[in-house]
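One structure below.
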Amino acid sequence: MTTQTVGTPLSRALKKRLESTKRSFYFLTRSPLATIGLAVVIAYVLIAIVGPEIIGGNPLMMKQYYLFQGHSIVFNPLPPFKYSQFPLGTTFGGYSIYEGIVKGARNDLILASAVVISGALIGVVLGSIAGYKGGVLGEAIMRVTDIFLSLPTIVIALAFLTVLGRYENVMIGALIIIWWPTYTRVVRGQVLTVREQKYVEASVAAGSSSLRTVIKHIIPNSIYPIFVQMSLDYGNVILTLAALFFLGFTFAGPGFAEWGNIISAASNSAYAGAALYNYPWTITIPGLVILLFVLSLNLFGDGLRDVLDPRMRR
Amino acid sequence: MEEALVVKNLKTQFFIYDGVVKALEDVTFTLNKGEVLGIVGETGCGKSVTAFSIMRLIPDPPGRIISGQIRMGNYDLMRGIDQEAEIILKKRPKIKHHNNVIKKNEHFYNKIRGRYISMIFQEPMAALNPVYTVEDQIIESIYLHSMTKILKVIKSASEHLPDLKSFRESGEIGAEFNDEVGTELSKIKNLKKGKDSVEKHLDMLIDEATKFSEKKEKYEELLKHSIEIDDLEEKLLGEVGEQERDSIISVLTKEAKKTKLNRLTKKLKKKNPDPIVSEARREALALLESVNIPNAFQILKNYPHELSGGMLQRVVIAIALSNDPQILIADEPTTALDVTIQAQILELLRDLKKNRGTSIILITHDLGVIAEMADRVVVMYAGNVVETAPSLELYHNPKHPYTIGLLQSIPRVDDPTKKLNIIRGTVPNLITPPAGCRFNPRCQFAFDRCLVEVPPTIETSEGHTVACHLFTGKEVR
Amino acid sequence: MSEILLKAIGVRKYFPIKGGISGRTLGYVHAVDDVNLTIYKGETVGVVGESGCGKTTLGRVILDLIEPTTGALFYKPDEASVNQLEGLYTELTANGARELKKEEKKILGTTKDNIYKSRSKRKDFRSRVQIVFQDPVSSLDPRMLIKDVIAEPIRINGVPKEDGTNDGTGARVRLRGEVANKYVLDIVTEMGLNEDHLYRFPHEFSGGQRQRIAIARAIAVKPEFIVLDEPTSALDVSVQAQILSLLKNLQKKYNVTYMFITHNLAVIRAVSNRVIVMYLGKIVEEALTDELFEFPIHPYTQALISAIPIPDPTFKRQRLVLSGDVPSPANPPSGCRFHTRCRFAKEICSTEEPKLKEIRAGHIVACHFAEEILKTETSSSGIKKTRETAK
């Protein structure tokens, strides 16, 4: 406690901030489930970064493998753990499931990040305005938010994709439109509580402008629930993405590496009815990959909430 | 003087992430019958932990009473604590067994709390449930503990049933009754509303009485049952053997589960015009009136948020008094209130002590309140009792340097010229308290012995004890 | 008395009570109602009253932290003109305030020096005043290092050029880098903290230390006027004594003026030169400290003083326990607002509102029976007198 640390004021301040982050991390690691969640998420991120480079080829697309049976080309799925070339087997259309999962990790994470981060940014800006300024503008923002929240998620996305065409940007845009209202609402709720804190009043008393108060005090103190919300939403976005791909409302064809797309390959084939029965791995393996990722994110998000809410610390 | 409560070498600790908080260390004091004992000290000195330890309300985890004795008359309130501690600290047997022991003891303390010892808190709002009316909450408390009393009243009333009937038939008004019905009647007469209304009321009474007689058997059975339970509990509180105690507790726990009294509570909530209910309501009204609540009948129907802080504190006191406890622990009862309301509540507490003879432990940081209220004062610092003395003696002849410093650091409204003395430093961290006397880092008289040796408690004069190396004399403990 | 630092005239603050589905205004909470207030340079004014009496709101309005419903605030005004204005205003409101609202606005609104109406004045004013809050837990941003907490007002306002003096006109300088760090360090050293404390978060401190930090933040810009809103109410007595003595030393050193808001009369007596007693948004009594405690005239003040617990069991006095609770400020009683709890209340009290009048030298009271009470009652309710009789 009393050790006299030396260094420039800047380095000391940084050191202190690092220490406090370390402490938060320590509290996170005290929960085994959250630690496992975090580890799995990190593993996925690593795979998304490194995996496609190792496999090579177009990082976005899966390669098609043709199999010859007699004289004709067939795309019948191959079982997993049998061929070293296809460790997890292949799905309909001759795509390697392993390749699809690894490359899909990158695509899915990029798409989901784009959606979640933009949604959160819009939410923080609108939520802060609605919470801090309030008044007619705040009311208007919140009512619009309510309207968007009351629309069914998938249906909006489908509508956008149908009307504006099946483009990548449209898909991301549609998902952002689905997600920003949640953040706006969370941020506004937080801002309303933080706004009443005495340190905000003290800052105003010191002559701080509204913008400065919001940036310096309000946002730093209301941002943490957003991180929790983001970590939980990541999984939801990926599920929605998978659902859209599965339903066939996509901007890309069957070769696009995306987890939901791998499943849809099975369901869209001529053998769809019998796929689960005859070729169970074509659905279960990518399904499990999605399940594990979403589950881990949720565990991590729960742990994060406990850490960031000091009342839960003990 | 007779002792109402004896606390001896009480030691409570909290096991948290940063280490073990040694919250109480050898706390010893006595509460005499019918007196107000003030416990005074600063934040973190262990006043509230002491109160919670006595009530056995220390949240576990992280808190735990490690050792010590608390006796109320002949009753050992620490019973079972060793057993619990042993289970938790050392042996760690199967969780099921552990839970059984705790559950059994829990039942025992539920009987003590509220019935023999009551507690009122600093925040009256937090002590009341916001979704129930004041009436519901008072009645609940009566129900939990004083069912026998109510049943007895009903029984005595039902015994007068024949009288009432003959009285009605004779058509005379003005007969004398010495029971509840009689007083009801005389009340009506005082109202001078005329014969008609009296007769109407009589009709009502007889209606009720008929209901009585129909249910009489049931009530008598209930009463018997309730008295049996009371006897068992009484026995439990007294000196009984280990075996017997376990069997009593298991009987009581079973009773509590299936008891008819519980089912009656449900009935109460349905606003059933059962005599038990109306009796409990009357009792609740009388209680509110006893704590000087004006317009008590209205207040009964209110929800907690509709009342002001002072009024709420009165309601909380009324609930605490609902079972005529022998000991009332008031933990900072006036800290959240304005001075003029504080004066009202203190007046009420004084009346309580005078009229009911309740022994009160008054916990506060305000030495002014203590001076006005307390007969004797216990000064606590960092989990230790540093000084105990009669109130007059303490204020005019304080011994411990901490007490002296504390008294000199209060701004005096009656003597503004007095310079404020400052105790330097702050209350120590109780995870790593200073060795020796815990006050030594802040004490201006500290010498080498204070740094290593825990000071013994010394009696300097009759009833005045101090734990400080500066004094020599008879060691009390 | 010396130069006038602040003058507030006709300050009212009504908070609307919104209700119903449409969010209509159902009524108003009369938090501060028609208060005239003068604060002199270098003094400590104590404002005392129970919860809901509007003392905190008054502190906020005086600092221009919340906009008043009506009223004018002058900073270092020309004494003669401002007194003239006050006279004019009092005359105007004497005949019933409601009808004259327009004219009243005309008088108070058009003055150029009114801080509530002038943007440039307001900005300048903000840099010269500060506030210290009751709750040291929520008054420091939990995610800021102490260094940044204290530096914040300096970054916004700069500091007066000549260190330690604020001549009221001098330009302010913004400090940067090393100089700023040194400046902050000097301030905290003065508060009894060390350099190590600068690099910690607020939750690592005890209540007393946090209050020191809050005071450091307030004093950092060398303000001329600080509103202390219950600065010691959340603290232990031994720490309270430390903070009170720190505040006294700072006042001596920087010649700063305090407005000390508290419900604790003992603290008021220890620190202030002049006391203002408030009840339900109105000033009911105003006098120099010793005068007020020895000769309280208003029945409310008398009851307040008699309710203070005195840490001396031998101290006996007449106890005046008020009955009932403070009425709701949303619906204050007619006439004299205290008449529902007053032991002298007569008919006139419920119909006619008493005006503040000077009963003794510098002793202003709002009570219909002030003179009579002064003759008969005070001798037994003042604190010093009773002490003598007790002996």
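The values are calculated or read from the model by the stated rules, or taken from the named source; none is laboratory data. From a predicted model like this one, the values you see are computed outputs, not experimental measurements. Cβ placement follows ideal geometry from the backbone for every residue including glycine, while neighbour counts extend to all protein chains displayed. What goes into the accessible areas is simple: the full protein's heavy atoms, side chains included, and nothing from ligands, DNA or RNA. Shrake-Rupley method; radii C 1.70, N 1.55, O 1.52, S 1.80 Å.
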Rounded to a whole %, the carbon-and-sulfur portion of the accessible area of the stretch C:128-272 at a 1.4 Å probe is 49
Amide H neighbours of C:VAL173 under 5 Å, counting only residues 5+ apart in sequence or on other chains, H built in-plane at 1.01 Å?
C:VAL159, C:LYS161
Taking 19 Å as the cut-off for C-alpha to C-alpha distance, list the pairs among C:LYS76/C:LYS222; C:LYS18/C:LYS55; C:LYS13/C:LYS357 that go past it.
C:LYS18/C:LYS55; C:LYS13/C:LYS357
Equivalent ellipsoid semi-axes for the stretch A:32-312, as square roots of 5 times the alpha carbon gyration tensor eigenvalues: give them largest first, rounded to whole Å.
44, 20, 14
What is the projected area of the convex hull of the Cα atoms of the stretch A:191-239, averaged over all directions, in nm²?
3.8
With viscosity set to 0.890 mPa s and temperature to 25 °C, compute the Stokes-Einstein D of the stretch C:277-390, Rh being the Kirkwood radius across alpha carbon pairs; µm²/s, no decimals.
168
Over all distinct Cα pairs, what is the inverse of the mean 1/r for the stretch B:1-73, reported as the Kirkwood hydrodynamic radius in Å?
12.9
Sparse-neighbourhood loop sites, trypsin sites (Lys or Arg not before Pro) in the stretch A:81-114 - DSSP loop, at most 13 other Cβ within 10 angstrom
A:LYS82
Go through the stretch C:138-153 residue by residue and turn each phi into a ³J(HN,Hα) via Karplus (6.51, -1.76, 1.60, θ = phi - 60°); whole Hz please, and just put x for glycine and proline.
8, 8, 10, 5, x, 9, 10, 6, 4, 3, 6, 4, 6, 6, 4, x
When chain C is treated as a Gaussian network with springs between alpha carbons less than 10 Å apart, the largest mean-square fluctuation among C:LYS248, C:LYS182, C:LYS55 is found at C:LYS182
So if I average 1/r over every pair of distinct C-alpha atoms in the stretch B:397-477 and take the inverse, what Kirkwood radius in Å does that give?
14.1
Got a number for the accessible area of B:THR472? Probe 1.4 Å, square angstrom, nearest 10.
130
So the carbon and sulfur contribution to the accessible area of the stretch C:35-94, 1.4 Å probe, in percent, is 49
If each Cα of the stretch C:128-272 is one equal point scatterer, what is log10 of I(q)/I(0) from the Debye formula at q = 0.11, 0.13, 0.17 Å⁻¹?
-0.38, -0.54, -0.93
Lysine-lysine proximity count for chain A, Cα under 23 Å, sequence distance 8 or more or distinct chains:
9
Sorted by chain and then number, the residues having a modelled amide H within less than 5 Å of the amide H of C:ILE17, at least 5 places away or on another chain, are C:LEU26, C:GLY27, C:TYR28, C:VAL29
Can you list the residues in the stretch C:114-133 whose accessible area drops by at least 10 Å² when all protein chains are present, compared with the chain alone? Use a 1.4 Å probe, heavy atoms only.
C:ARG126, C:GLN130, C:ILE131, C:PHE133
iface C-A | buried accessible area, total | probe 1.4 Å | Å², round 100 | 2700
Build a GNM of chain A with springs between Cα atoms under 10 Å: which of A:ALA130, A:ALA48, A:ALA159 gets the top mean-square fluctuation?
A:ALA159
Test assert for the stretch C:228-255: residues whose accessible surface shrinks by at least 10 Å² between chain alone and all chains, 1.4 Å probe, equal C:ASP236, C:VAL237, C:SER238, C:VAL239, C:GLN240, C:ALA241, C:GLN242, C:LEU244, C:SER245
Give me the net charge for the shell around A:GLY100: Cβ to Cβ below 14 angstrom, other residues only, Lys and Arg +1, Asp and Glu -1.
0
Could you report the buried accessible area between C and B, both sides summed, computed with a 1.4 Å probe and given in Å² to the nearest 100?
3400
In a Debye calculation with equal point scatterers on the alpha-carbon sites of chain C and no solvent, what is log10 I(q)/I(0) at q = 0.08, 0.13, 0.15 Å⁻¹?
-0.46, -1.16, -1.42
Each residue of the stretch C:342-358 in turn: what ³J(HN,Hα) in whole Hz from Karplus with 6.51, -1.76, 1.60 and θ = phi - 60°, glycine and Pro shown as x?
8, 7, 9, 4, 10, 4, 4, 5, 8, 10, 10, 7, x, 8, 6, 9, 7
With θ set to phi - 60°, apply the Karplus curve 6.51 cos²θ - 1.76 cosθ + 1.60 along the stretch A:188-204 and write out the HN-Hα couplings as whole Hz, x wherever there is a Gly or Pro.
4, x, 5, 4, 4, 6, 5, 4, 7, 5, 5, 5, 5, 5, 4, 5, 5
Cβ-Cβ cut-off under 13 Å around C:HIS363, Lys and Arg +1, Asp and Glu -1: the net charge is -4
Per residue, what volume in Å³ does the convex hull of the Cα atoms of the stretch C:230-299 enclose?
100
Have a look at C:ALA151, C:ALA80, C:ALA303 and tell me which one the Gaussian network model of chain C (Cα, springs below 10 Å) gives the largest fluctuation.
C:ALA80
